[in-house]
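Undergrad: Sharing a structure below in structure tokens format, with a few things to ask.
The values are calculated or read from the model by the stated rules, or taken from the named source; none is laboratory data. Fair warning: this is a prediction, and the values are worked out from it, not measured in the lab. Cβ placement follows ideal geometry from the backbone for every residue including glycine, while neighbour counts extend to all protein chains displayed. What goes into the accessible areas is simple: the full protein's heavy atoms, side chains included, and nothing from ligands, DNA or RNA. Shrake-Rupley method; radii C 1.70, N 1.55, O 1.52, S 1.80 Å.
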Amino acid sequence: MDLSILIVNYNTCQLTVDCLRSVFASETEYTYEVILIDNNSKDESVQTIRELFPQVKMIENTENTGFAKANNEGMEVAEGRYMLLLNSDTIIQQDTIQTMVAFMDYNPIIGASGCKIVLPDGSLDKACKRGFPTPSASFYYAFGLSKLFPNKPEFNQYQLGYLNPDVEYPVDCLVGAFMLVRRETIEQVGGLDETFFMYGEDIDWCYRIKQAGWGIHYYPRTTIIHYKGGSARRRPFKIIYEFHRAMILFHRKHYRQKYNIFVNGAVYAGVGLKLLLSLLTNRLKPIRPATITQSSGGVEVKS
């Protein structure tokens, strides 16, 4: 088996069906399997997917285990030479599998790769190519300096907005909505860190992959669509909390020992301030019906 495609589903029946249809419409010479991990959905997801896609391997959890643990469960039964983390709210192109697997086959030193990801309006999903969230990079991003100076590399260390999204290059990290990872890489660095529930696990994984000496590459020769939640509705407290909790977890795991007490204190205080601001801003938004979906671990909320 060349490729194992892992999709985590949580109450996103129609989105997942559309995603699966795009996968099975692929034109590729490579063999692939699809493993769907359902995190105890309360909608008709499991029954519908079983009826429409009997070829899909299904793992049914009795609770919402989170994005990292669910994908790890899929990896345990996967048979492919590569693992593809694919969000349920994405649509891939007919050439996506062929293009990305061929790229990895031709570049054996690359441990993980990602394609260009666009939003439904055609704009770039900026999480698809990122730098690591160092204290300085996080500060510039969280407090808007990266937007004020979009063409300045020093202020855009995180989202790399100064780099052409239509050109390929190595990056620090990708987004879990679409991440193609070599089996040998996973065997060396391990799976996703299950301490992260909804966010940050993709950045942590990329950090460990690069620490182990593997390359990570952004390859925009194929494009997928990523449907995301709008910013004009109120978000549940857990979504906001887990996003900020992931920041603290990542810093403690990878950066705390590299910085002094003053820098660490500033990071924790900054995250706390950002959490409070997010909660206050969220309170001002209108309440609209929405389904909370399993996040890919990116910096945006999925719907």
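Undergrad: Being modelled with pLDDT of 90 or more, over 19 Å from the mean Cα position of the chain (by Cα) and either open to solvent by less than 40 Å² (accessible area, probe 1.4 Å) or at positive phi (or both) is the filter here; which residues of the range 138-168 pass it?
TA: Across the range 138-168, the qualifying residue is only N156.
Undergrad: Does L124 satisfy the criteria of being of a type outside the set (G, A, S) and modelled with pLDDT under 95? Quick ask: steps written out before the conclusion?
TA: Values: of a type outside the set (G, A, S): yes; modelled with pLDDT under 95: no.
For L124, the condition - of a type outside the set (G, A, S) and modelled with pLDDT under 95 - is not met.
Undergrad: Take S146 and decide whether it is outside any loop (DSSP other than H, G, I, E, B), more than 30 Å from T12 (Cα to Cα), without any contact (Cβ under 8 Å) to a residue 60 or more places away in the chain and touching a helix residue (DSSP H, G or I) at 6+ places or on another chain (Cβ under 8 Å). Give the steps one after another, and end with the answer.
TA: Details: outside any loop (DSSP other than H, G, I, E, B): yes; more than 30 Å from T12 (Cα to Cα): yes; without any contact (Cβ under 8 Å) to a residue 60 or more places away in the chain: yes; touching a helix residue (DSSP H, G or I) at 6+ places or on another chain (Cβ under 8 Å): yes.
The answer is yes for S146.
Undergrad: Now, a different point. Please find, within the range 255-303, the residue that is modelled with the lowest pLDDT out of those that are among the β-branched types (V, I, T) and touching a Pro at 6+ places or on another chain (Cβ under 7 Å).
TA: First, pick out the residues of the range 255-303 that are among the β-branched types (V, I, T): 261, 263, 267, 271, 281, 287, 291-293, 299, 301.
Still in the list and also touching a Pro at 6+ places or on another chain (Cβ under 7 Å): 263, 267, 292.
Values: V263: 86, V267: 85, I292: 41.
Once the filter is applied, the top-ranked residue is I292.
Undergrad: Let me ask another. Please verify whether D121 is assigned by the TED database to the domain that holds I216, open to solvent by 30 Å² or more (accessible area, probe 1.4 Å) and in a loop (DSSP other than H, G, I, E, B), treating the condition exactly as stated. Outline the logic, then answer.
TA: Details: assigned by the TED database to the domain that holds I216: yes; open to solvent by 30 Å² or more (accessible area, probe 1.4 Å): yes; in a loop (DSSP other than H, G, I, E, B): yes.
Yes: the conditions hold for D121.
Undergrad: Give all pairs with beta carbons closer than 7 Å in which a residue from the range 261-285 that is under 20 Å from K238 (Cβ atoms) meets a residue that is exposed (fewer than 12 other Cβ atoms within 10 Å of the Cβ) and modelled with pLDDT under 85; count only pairs at least 6 apart in sequence or on separate chains.
TA: Correct list of pairs: K285/A232.
Undergrad: Please state which of the following conditions I203 fails to meet, knowing it meets all the rest: (1) under 19 Å from C128 (Cβ atoms); (2) free of Cβ contacts under 8 Å to residues at least 40 places away in the same chain.
TA: (2)
Undergrad: Please verify whether S22 is over 22 Å from V77 (Cα atoms), open to solvent by less than 60 Å² (accessible area, probe 1.4 Å), of a type in the set (S, T, Y) and modelled with pLDDT of 95 or more, treating the condition exactly as stated. Explain how you work it out, then say what you get.
TA: Numbers: over 22 Å from V77 (Cα atoms): yes; open to solvent by less than 60 Å² (accessible area, probe 1.4 Å): yes; of a type in the set (S, T, Y): yes; modelled with pLDDT of 95 or more: yes.
Yes; evaluated as a whole, the condition is true for this residue.
Undergrad: Could you please let me know if G191 is in contact (Cβ under 8 Å) with a residue 60 or more places away in the chain, touching a Gly at 6+ places or on another chain (Cβ under 7 Å), surrounded by 19 or more Cβ atoms within 10 Å (Cβ to Cβ) and not β-branched (V, I, T)? Show your work before the answer.
TA: Values: in contact (Cβ under 8 Å) with a residue 60 or more places away in the chain: yes; touching a Gly at 6+ places or on another chain (Cβ under 7 Å): no; surrounded by 19 or more Cβ atoms within 10 Å (Cβ to Cβ): yes; not β-branched (V, I, T): yes.
No: the conditions fail for G191.
Undergrad: Next up: Right, L52: open to solvent by 60 Å² or more (accessible area, probe 1.4 Å), hydrophobic (A, V, I, L, M, F, W, C) and free of Cβ contacts under 8 Å to residues at least 40 places away in the same chain or not?
TA: Numbers: open to solvent by 60 Å² or more (accessible area, probe 1.4 Å): yes; hydrophobic (A, V, I, L, M, F, W, C): yes; free of Cβ contacts under 8 Å to residues at least 40 places away in the same chain: yes.
When the stated conditions are applied, L52 passes them.
Undergrad: Looking for something under 21 Å from W205 (Cα atoms), of a type in the set (V, I, T) and open to solvent by less than 40 Å² (accessible area, probe 1.4 Å) - is there at least one such residue anywhere in the range 96-105?
TA: Yes, because at least one residue in the range 96-105 is under 21 Å from W205 (Cα atoms), of a type in the set (V, I, T) and open to solvent by less than 40 Å² (accessible area, probe 1.4 Å).
Undergrad: Residue by residue through the range 202-247, note down the ones that are open to solvent by 50 Å² or more (accessible area, probe 1.4 Å), assigned to a loop (DSSP other than H, G, I, E, B) and modelled with pLDDT of 85 or more.
TA: G213, Y227
Undergrad: Could you grab the pairs with beta carbons closer than 7 Å, sequence gap of 6+ or different chains, first residue in the range 213-228 and under 18 Å from G111 (Cα atoms), second one in a strand (DSSP E or B) and open to solvent by 40 Å² or more (accessible area, probe 1.4 Å)?
TA: Taking only residues 6 or more apart or on different chains, the pairs are G215/P170; I216/P170; H217/P170.
Undergrad: Identify, by number, the condition in (1) buried (at least 19 other Cβ atoms within 10 Å of the Cβ); (2) over 20 Å from the mean Cα position of the chain (by Cα); (3) under 19 Å from M104 (Cβ atoms) that L84 doesn't meet.
TA: The failed condition is (2).
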